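To keep things clear, I will list the structure first and then write my remarks on it.
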Amino acid sequence: MNTGELIRAARGDIPVDLLLSDAKIVDVYTGRVFPGSIAIHGGYIAALGDRRAKRTESMGGRPVAPGFIDAHVHIESSMAGVSGFVRGVLPRGTTTVVADPHEIANVLGMDGVAYMLAVSENQPMTIYFMLPSCVPATPMETAGAMLDADSLLPLFSHERIFGLGEMMNFPGVLSADEDVIRKIESTLEYGKVVDGHAPGLTGADLAAYRSAGISSDHECVRAEEALEKLANGMSIMIREGTGAKNLSALQSIITPYTEPFLMWCTDDRHPDDILAEGHIDHVIRKAVQAGVDPVSAIRMATIHPARYFGLRRLGGIAPGNIADLVVLRDMESLRVEKVYTAGRPVAENGRMLSGITAPESVNCPSAMHVDTAGLDFAVSADGPKALVIEVEPGQLITKRRTMDLMSQNGYAVSDPSRDMLKIAVVERHKGSGRIGIGFAAGFGLTRGALASSVAHDSHNIIAIGVDDADIAAAVRAVAEMEGGLVVASEGKVLSSLALPIAGLMADEDFETIRDKTEALVNAARGLGCILDDPFMMLSFLALPVIPEIRLTDRGVFDVGSFSHVPLLQS
């Protein structure tokens, strides 16, 4: 930025690069929407009002708002690489995201964080990061890495690292775990923020959590919970993702007093939802349709997250700010028609403009270490009964069941007539050959198998199927693709989506990922699957922090006792 030249352009001594005339300026500072022009020079806003210009574009009386900011997102959850993610969300008005690379860090550790920093350079939108706070998420499964306070320390000075990502380990905070406290204190010493993740925390425990210096939460599901956290000095990120949608429950907390401490985030949002509904623009529209003032809804996507993260030159249309701008059809529909980043038009009518490209992905380290020749899913039938993970359609929680075991030739096998299917978690990070075996009910498969390298949070390979041969075929296909989602039957792959970037992301655009995901779901339904989104459900069955029962590469895990338990029961 040439400050002297920007000053001369603002004073009218030299012509500005671009004048957006006949606009309705959405003023997030005063809450007004007023007619005017926006003078842009060197990628920054020079002035509001007419100036001599090298080029003029008429806005035709349409509203122009600051670019939208997603305050908390896991890019990996879109299953698109960074460039594919940018191509998917930038045309919808999201010009800045604050991402937590928690998923790839659980696979590749600091190499994963370094990869995300590298591939997000020189994108046509701005991508900032929070350092993952909980890698591994728990000690009850095999993750790809461990990031302690010393591991994170060198990156706190990075200009695109804004702080410490969601502190999920609130028991560690409350017990003053030494490494957890060092992570928090290091963040605060660098003058950066610590994001929270504390569902249901209240009373003295909430006070203790907040006293550590944790300043936000995106896990509120009830208005009372959010208000208590606001009263304790925390900012609230209202989440509207794919699996978790909290706007309806939290809408009542949006008042003139609370609004400055509220932001929008998507957390985890899939390509099909973004393509069908939108990104942060969808959250704004949904809020307005529910009765939130349009400028307030836009403020929660712009100036509030900018101030929370210390983005002093973003979040509002004002001289000296970066010219990230969104042109809206009108203040009623709030449809995004055109997007500018740093004063450059980058997208129009839902698509990137020709000539605006996202960089190709850089090479990602290998994240697949599985001996596919040694896969063995046999379990001796040493007991009459087995613990079974019973899934709840539309819910992430599961129920613990005990069912009579079906055996063949002395081995425990699936019984599709009772919807009792073998499930396996194959360790893929260390090449240990470790496989956890269990049973699950609720998928409805009558033949074939499903497998995925997306398995929260450690992202080992998880598979479910009717017979061992198809489970092996599905797992083998995932490993050979360096990660992905697979439907297999009779030893053949029926449908697949390769996710070669850490086994989590595809180097594809949103449309391709959506189409392949739909094909996978349709193939699963052809095998009898009764779930609307079987791969999302499958991906969470290995997460040993959600009740009641899960499966890790170390075996069946009871969340209530927080311990591994025997699969076979007497």
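None of the figures in this text is laboratory data; all of them are computed from the coordinates on show. This is a predicted model, so every value here is computed, not measured. When we count neighbours, we look across all protein chains shown, and the Cβ atoms used for this are built from the backbone with ideal geometry, even at glycine.
Using the Kirkwood radius over Cα pairs, work out the Stokes-Einstein diffusion coefficient for segment 192-327 at 25 °C and 0.890 mPa s, in µm²/s as a whole number.
On the way: Rh = 15.5 Å.
D = 158 µm²/s.
Mind checking the dipole of segment 3-61: about its Cα centre, +1 per Lys or Arg Cβ, -1 per Asp or Glu Cβ, Debye to the nearest 20? Write down the numbers at each step before the final one.
On the way: 8 positive and 7 negative charges, 15 e Å.
For this selection, approximately 80 debye.
Return the loop-located trypsin sites (Lys or Arg not before Pro) in segment 39-135 (DSSP other than H, G, I, E, B) with at most 12 other Cβ atoms within 10 Å of their own Cβ; answer none if there are none. Provide the component values of the computation, followed by the final result.
Values: sites: R51, R52, K54, R55, R87, R92; in loops: R51, R52, K54, R55.
The qualifying sites are K54, R55.
What is the Cα centroid distance between segment 517-549 and segment 17-37, reported in whole angstrom?
One Cα centre to the other: 47 Å.
How much length is gained on full extension from E159 to A204, taking 0.36 nm per residue of separation minus their Cα-Cα distance?
Values: separation 45, 0.36 × 45 = 16.20 nm, distance 3.53 nm.
Length gained between E159 and A204: 12.7 nm.
Taking K192 as the anchor, which lysines have their alpha carbon closer than 18 Å to its alpha carbon, excluding any fewer than eight residues away along the same chain?
Once the sequence-local lysines are set aside, what remains near K192 is K183.
Given Cα positions, please report Rg to Rh for segment 236-289, the hydrodynamic radius being the Kirkwood one.
Numbers: Rg = 11.1 Å, Rh = 11.5 Å.
Over the Cα atoms of segment 236-289, Rg/Rh equals 0.97.
Just the projected area, averaged over all directions, of the convex hull on the alpha carbon atoms of segment 3-61: how many nm²? Before the final figure, lay out the partial values.
Working: hull surface 15.7 nm².
Averaging across all directions leaves 3.9 nm² for the Cα convex hull.
If you find the alpha carbon centre of segment 90-106 and of segment 155-186, how far apart are they in angstrom?
Going from one Cα centre to the other spans 19 Å.
Which of the trypsin sites (Lys or Arg not before Pro) found in segment 284-335 are in a DSSP loop and have at most 11 neighbouring Cβ atoms, other than their own, within 10 Å? Please list the in-between numbers first.
Working: sites: R285, K286, R299, R307, R312, R313, R329, R335; in loops: R312, R313, R329, R335.
Sparse-neighbourhood loop trypsin sites (Lys or Arg not before Pro): R312.
As a test of the formula, what do you get for the chain when each DSSP H run with n ≥ 4 contributes -39,500 (n - 2.57) and the sum is divided by the residue count, at 222 nm and rounded to the nearest 500 deg cm²/dmol?
On the way: 17 runs with 143 residues, N = 570.
After summing the helix terms and dividing by the residues of the chain, the value is -7000 deg cm²/dmol.
Quick one: which of 214-226, 552-564, 36-48, 99-111 comes out on top by average Cβ neighbours within 10 Å, and what's the full order, highest first? Working shown, then result.
Working: 214-226: 20.6, 552-564: 17.5, 36-48: 23.1, 99-111: 24.8.
The peptides rank, most packed first, as 99-111, 36-48, 214-226, 552-564.
Given Cβ point charges of +1 (Lys, Arg) and -1 (Asp, Glu) and nothing else, what value in debye, to the nearest 20, does the dipole of the chain about its Cα centre take?
Values: 49 positive and 72 negative charges, 315 e Å.
Roughly 1520 debye, rounded to the nearest 20.
Given contacts defined as C-alpha pairs under 8 Å and at least six residues apart, what's the relative contact order of the chain, whole-number percent? Intermediate results must be reported in sequence, preceding the final value.
On the way: 1433 pairs, mean separation 85.1, N = 570.
Relative CO of the chain lands at 15 percent.
Starting from 0 in steps of 10 Å, tell me what percent of the Cα-Cα pairs of segment 372-569 lands in each bin.
P(r) for segment 372-569, in whole percents per bin: 10, 40, 38, 11, 1.
Using just the Cα positions, wrap segment 65-352 in a convex hull and report its mean projected area in square nanometres, one decimal place. Could the numbers behind the result be given before it?
Values: hull surface 56.0 nm².
For the Cα atoms of segment 65-352, the hull's average projected area reads 14.0 nm².
With +1 on each Lys and Arg Cβ and -1 on each Asp and Glu Cβ, and nothing else charged, work out how big the dipole of segment 372-569 is about its Cα centre, in Debye to the nearest 20.
Values: 17 positive and 26 negative charges, 105 e Å.
Taking the Cα centre of segment 372-569 as origin, the dipole is about 500 debye.
Hey, can you rank 17-29, 418-430 by average C-beta count inside 10 Å, highest first? Don't skip to the answer; put the middle values down first.
Numbers: 17-29: 20.8, 418-430: 22.9.
Ranked by mean Cβ neighbours within 10 Å, highest first: 418-430, 17-29.
In whole angstrom, and with the biggest value first, how far do the Cα coordinates of segment 1-131 range along each principal axis?
Rounded to whole Å, the extents work out to 53, 30, 25 Å.
With a/c under 1.5 counting as rounded, go ahead and sort segment 456-557 into rounded, prolate or oblate using the C-alpha gyration tensor (a ≥ b ≥ c being the square roots of the eigenvalues; past the cut-off, prolate if a/b is larger than b/c, else oblate).
Rounded, because the longest to shortest axis ratio a/c is under 1.5.
Specify which residue in the list H41, A472, Y308 is farthest towards the positive end of the charge dipole of the chain, using unit charges on the beta carbon of Lys, Arg (+1) and Asp, Glu (-1), about the Cα centre.
H41
Are any of the pairs K24/K54; K430/K492; K229/K399; K422/K492; K245/K399 more than 25 Å apart by Cα-Cα distance, and if so, which? Walk me through the numbers before you get to the answer.
Working: K24/K54 21 Å; K430/K492 27 Å; K229/K399 30 Å; K422/K492 18 Å; K245/K399 23 Å.
As for pairs spanning more than 25 Å Cα to Cα, those are K430/K492; K229/K399.
With only alpha-carbon atoms counted, please give the Rg and Dmax of the chain, in Å.
Reported Rg and Dmax, both Å: 24.9, 89.
Kindly provide log₁₀ I(q)/I(0) values, in the same order as q = 0.22, 0.30 Å⁻¹, from the Debye equation applied to equal alpha-carbon scatterers of segment 510-570.
-0.86, -1.13
Per the Kirkwood treatment, what hydrodynamic radius in Å, one decimal, follows for segment 164-271 from the mean inverse distance over all distinct Cα pairs? Could the numbers behind the result be given before it?
On the way: mean 1/r = 0.0705 Å⁻¹.
Value: 14.2 Å, from the Cα pair sum.
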